[in-house]
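Q: Just dropping this structure here.
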């Protein structure tokens, strides 16, 4: 604190300068400083300016690269968002198409089953008719064999009118039972 008071008291003295006692030292020091400062500006200035400009260019280039990378990333993000939206739309389209195909296939299968059932009924009816016709044909053949056998018996025996009437009656009954 004493030093501060001493400095403050000397600062109010009108003739006191804060210069060294040897003025030559101040002059030569100033000249040396100016020479070194001039050399630094003359020789080091362009190098410092070049480094400074190179740094500014590098920072500008990095900023432009970062902006380009950001733009690319935003474009990729937009494309991915678009692809996701398209994938959802494509999924819905495929599901709708599958439902339509399933409904169409269901209708076709039901129609085919109905047609197959009708064909099966028609074939069954045709088989029944065929079996009926075959049975009738077999029955007529059997009747013919029986009639032939009866005719042989009649020829073998002389027919009297009572036997003949009885034979005809039996034949009619057998033919009537076959129908």
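Q: Express in nm, to one decimal, how much length is gained between residue 143 and residue 112 on full extension, taking 0.36 nm for each residue of separation and deducting their alpha carbon distance.
A: Taking residue 143 through residue 112 to full extension adds about 6.6 nm, to one decimal.
Q: Expected output is a single nm value to one decimal: the length gained when fully extending between residue 41 and residue 121, i.e. 0.36 nm times separation in residues minus the C-alpha distance. What is it?
A: 17.3 nm
Q: Rounded to the nearest 0.05, what FRET efficiency do residue 128 and residue 166 give with R0 = 30 Å and r taken as the Cβ-Cβ distance? Could you check?
A: After rounding, the FRET efficiency stands at 0.20.
A short reminder: the numbers here are calculations on the coordinates, not readings from a lab. Nothing here was measured: the structure is a model prediction, and the numbers come from that model. In this analysis, Cβ positions are derived from the backbone assuming ideal geometry, glycine residues included, and neighbour counts consider all displayed protein chains.
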